[in-house]
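Here is the structure we will look at.
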Amino acid sequence: MTPQPVWILLHYEIAADVDEAEEDETILSERVVGYYSSQERGEAAIQRMRSKPGFRDWPDGFRLYPTAPNREVWSDGFVNMDEEA
């Protein structure tokens, strides 16, 4: 039995990068807004949240992604890029 997909809604505050880094944008913050049982419910949440305090300052910062339940994302750990090896 294949698990039903879950949709995760994230919100980012993104600024233009001020140095010559490879990326064109700098993420100032990232928030998990919620988890939804369908893409349509996630999109409806975006419409509801867009005018709320904080979110209305960054109305295009929403990202909705499909994911699977019971799945580890960082199963091998992670490296802190600020620390030197």
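Worth pointing out:
- For the stretch 28-80, the set of residues classified as hydroxyl-bearing (S, T, Y) and either surrounded by 13 or more Cβ atoms within 10 Å (Cβ to Cβ) or in contact (Cβ under 8 Å) with a residue 40 or more places away in the chain (or both) consists of Y35, Y36, S38, Y65, T67, listed by residue number.
- Here A21, A15 are screened, and the one residue that is part of a strand (DSSP E or B), modelled with pLDDT under 90 and not β-branched (V, I, T) is A15.
The values are calculated or read from the model by the stated rules, or taken from the named source; none is laboratory data. Since the structure is predicted, the reported quantities are computational estimates derived from the model, not experimental observations. Every residue, glycine as well, gets a Cβ built from its backbone with ideal geometry; the counts of neighbours run over all protein chains shown.
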